[in-house]
Amino acid sequence: MGTDWDTTGDGTGDDVSNPNYPNYPHDPHHPDDATGGGVDGGARARRRDLAVRAAVERGLLGPSTPVVGLLDVVGIRESAAALRAAFDEVTAPGTPVLHAFAVKACPLVPVLRLLREEGVGAEVASPGELALARAAGLAPARTVLDSPAKTPAELREALALGIAVNADNPQELERLDALMRSATSGSPLGIRVNPQIGGGSIGSTSTATATSKFGVALRDEGAREWVVRAYEQRPWLTRLHAHTGSQGIPLELMVRGVAETYALAEEINRRIGRPQIDTLDIGGGLPVNFGSDDTAPTYAQYARLLAREVPGLFSGRYGLVTEFGRSLLAKHGTVVARVEYAKSAGGRPIAVTHAGVQVATRTVYVPDAWPLRIAAYDGSGRPRTGPPVVQDVAGPACFAGDLLAEGRSLPLLAQGDYAAALDTGAYYFAHHYAYNSLARPGVYGFAPDGSGGVAFATARTPQSLEEIVAESGGAHAGALATLRTPERR
Ligand SMILES: *Cc1c(COP(=O)(O)O)cnc(C)c1O
């Protein structure tokens with residue numbers, strides 16, 4: 001097929017005036033944002049369109065496999081490179097910088113391996129995520145453990161492996177004390193603080209509110225003094241951690257969180273009289289633009305804003321750890337679902353598809369906070385043409401609210417078409433929700449094949465019915481019926 005991976009937008013494809021995005025026009029000559037470092041959203045849209053068509057032609061997507069997740073490998077590499085470049089630009093030469101991908105954003109081993117190849121480590125928050133990072137071959141020195149509920153066994157394992165740990169609270173620090181008394185460890189250890197700078201527009205992802213469950217609440221009475229003393233008493237506490245950003249948090253607020261964390265490290269080192277804290281972990285949380293294909297804000301914008309507002313952070317006196325998740329993966333994932341039926345109710349056209357709450361849980365349950373763009377493709381996987389029609393794009397689950405999009409203007413979806421939920425590479429199809437025992441879809445990476453076509457690689461095989469039964473207690477079918485109320489004598 002005549003694929004075109006040209007990123008210059010020479011108009012040879014049918015994508016420049018892609019009818020899928022009437023409300024989000026993309027101009028291939030649009031300069032990257034003024035401060036630079038942006039990823040060309042037009043090129044990404046073209047790669048995506050070609051991948052959808054190729055997935056249909058290749059049979060990855062069709063009547064018997066009506067929903068898949070697609071990952072743009074070129075885009076993931078570009079984002080990783082943009083992240084590295086953004087911090088390279090502002091850090092003093094020789095500064096150790098570890099970019100640790102927050103595994104929860106896309107817990108797939110092949111993704112972690114790809115990022116490892118791009119020089120990115122892993123931030124893990126559970127035994128499962130640590131197992132994924134290890135399966136991907138991540139070195140302990142490039143792994144950070146941050147969960148808010150670490151058990152003694154998890155802490156012991158992390159210290160035995162030499163993985164960095166950020167203690168969430170005083171009780172966890174006591175557990176570390178006990179472990180450090182009984183063994184030596186190469187793990188860099190720190191405390192997570194919550195600078196309590198306030199939340200953003202989405203409550204459930206605001207980590208730095210006054211009552212957030214994360215870290216030591218720095219502005220609570222006596223807390224700052226407790227933190228300083230904790231470091232004074234423990235020469236092995238060499239890191240300080242905060243993660244204040246997320247979707248819905250403005251950059252300025254994120255920067256304030258980092259500034260407060262930096263100021264605390266300076267105060268601790270000054271009071272101890274030596275640079276005991278040698279590394280600052282500034283967390284992740286760069287918000288993602290879900291409204292168009294453009295990358296905004298960019299890592300470069302964030303890094304430059306940090307360099308302007310917190311210049312000491314990049315002086316070379318501190319090593320740095322970052323923990324970006326959503327911003328590395330979101331824009332590189334697309335979930336594509338076949339329209340099983342096209343119907344209408346009360347005058348509203350409804351496309352009943354195979355992607356709903358099981359792959360877009362947040363969007364379905366909290367649609368106002370997590371709207372997704374939908375792209376329409378015809379049965380051969382080409383962008384659907386036609387005037388925009390207000391319609392619902394529904395999922396397959398048995399409850400009324402299972403809608404990917406409600407009242408959305410799109411070319412009218414017909415039976416056998418495909419609806420794609422865009423920007424779903426983080427916290428969407430990799431986070432399967434087993435409602436209605438709907439199967440986990442297959443996930444495939446895609447990239448140019450070098451001869452004008454598209455190459456696919458399996459990142460996750462589709463879940464089989466046998467697996468669903470096994471994971472649903474299939475081996476214990478008779479177990480409950482054996483329990484009986486003892487008979488009275
Ligand atoms: C979730 C999380 C991240 C990643 O957040 P994103 O918004 O996906 O970048 C980083 N650090 C910690 C501690 C987290 O809990």
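The values are calculated or read from the model by the stated rules, or taken from the named source; none is laboratory data. Note that this is a predicted model, so its numbers are computed, not measured. Positions of Cβ are generated from backbone atoms using ideal geometry, with glycine treated the same way; all protein chains shown enter the neighbour counts. Quick note on the areas: whole protein, heavy atoms, side chains included, nothing else; ligands and nucleic acids left out. Shrake-Rupley method; radii C 1.70, N 1.55, O 1.52, S 1.80 Å.
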> Which condition number does Ser187 fail, the rest of (1) of a type in the set (Gly, Ala, Ser); (2) surrounded by 18 or more Cβ atoms within 10 Å (Cβ to Cβ); (3) in contact with a Leu (Cβ under 8 Å, 6 or more places away or on another chain); (4) assigned to a helix (DSSP H, G or I) being met?
Replying inline: (4)
> Which of the residues belonging to the stretch 423-437 are open to solvent by 10 Å² or more (accessible area, probe 1.4 Å) and part of a loop (DSSP other than H, G, I, E, B)?
Replying inline: Tyr427, Ala430, His431, His432, Tyr433, Ala434
> In this structure, is Leu328 more than 29 Å from Tyr428 (Cα to Cα), within 16 Å of the ligand (Cβ to nearest atom) and open to solvent by less than 50 Å² (accessible area, probe 1.4 Å)?
Replying inline: no
> Going by the conditions given, is Arg484 of a type in the set (Lys, Arg) and touching a strand residue (DSSP E or B) at 6+ places or on another chain (Cβ under 9 Å)?
Replying inline: no
>> Suppose we keep only residues that are buried (at least 19 other Cβ atoms within 10 Å of the Cβ), among the acidic types (Asp, Glu) and more than 13 Å from the ligand (Cβ to nearest atom) within the stretch 247-305. Which one would you say is nearest to Trp236 (Cα to Cα)?
In response: Glu260
> Which one of these does Arg229 not meet: (1) over 30 Å from Pro367 (Cβ atoms); (2) within 16 Å of the ligand (Cβ to nearest atom); (3) surrounded by fewer than 17 Cβ atoms within 10 Å (Cβ to Cβ); (4) among the basic types (Lys, Arg)?
Replying inline: (2)
> Can you name the residue in the stretch 94-114 that is closer than 19 Å to Tyr318 by Cα and open to solvent by less than 50 Å² (accessible area, probe 1.4 Å) and, of all such residues, is nearest to the ligand (Cβ to nearest atom)?
Replying inline: Ala100
> In the stretch 115-149, how many are buried (at least 18 other Cβ atoms within 10 Å of the Cβ), farther than 20 Å from Phe87 by Cα and away from the ligand (no atom under 12 Å from the Cβ)?
Replying inline: 7
> Of the conditions (1) over 27 Å from the mean Cα position of the chain (by Cα); (2) outside any loop (DSSP other than H, G, I, E, B), Ala405 fails just one. Which one is it?
Replying inline: (1)
> Is there any pair linking a residue in the stretch 404-429 that is in the same structural domain as Glu57 (by TED's automatic domain parsing) to one that is within 16 Å of the ligand (Cβ to nearest atom) and open to solvent by 10 Å² or more (accessible area, probe 1.4 Å), with Cβ under 6 Å and at least six apart or on different chains, and which?
Replying inline: Asp423/Phe290; Asp423/Lys331; Ala426/Arg326
>> Looking at Thr458 and the list (1) among the polar types (S, T, N, Q); (2) open to solvent by 30 Å² or more (accessible area, probe 1.4 Å); (3) touching a Gly at 6+ places or on another chain (Cβ under 8 Å); (4) in a loop (DSSP other than H, G, I, E, B), which single condition is not satisfied?
In response: (4)
> Do we find a residue being within 30 Å of Leu218 (Cβ to Cβ) and acidic (Asp, Glu) anywhere in the stretch 262-270?
Replying inline: yes
> Given (1) over 18 Å from Ala426 (Cβ atoms); (2) free of Cβ contacts under 8 Å to residues at least 60 places away in the same chain; (3) surrounded by fewer than 21 Cβ atoms within 10 Å (Cβ to Cβ); (4) not hydrophobic (A, V, I, L, M, F, W, C), where does Gln391 come up short, assuming only one miss?
Replying inline: (3)
> Between a first residue in the stretch 170-185 that is not assigned by TED's automatic domain parsing to the domain that holds Phe214 and a second residue that is outside any loop (DSSP other than H, G, I, E, B) and not hydrophobic (A, V, I, L, M, F, W, C), which pairs have beta carbons less than 6 Å apart while being 6 or more apart in sequence or on different chains?
Replying inline: none
> Across the stretch 150-168, what is the number of residues that are in a loop (DSSP other than H, G, I, E, B) and either in contact with a helix residue (DSSP H, G or I) (Cβ under 8 Å, 6 or more places away or on another chain) or within 14 Å of the ligand (Cβ to nearest atom) (or both)?
Replying inline: 4
> Name the pairs: first residue in the stretch 430-443 and within 21 Å of Ala55 (Cβ to Cβ), second residue in a strand (DSSP E or B) and open to solvent by 70 Å² or more (accessible area, probe 1.4 Å), Cβ to Cβ under 9 Å, at least 6 apart or on different chains?
Replying inline: Gly442/Thr458; Val443/Thr458
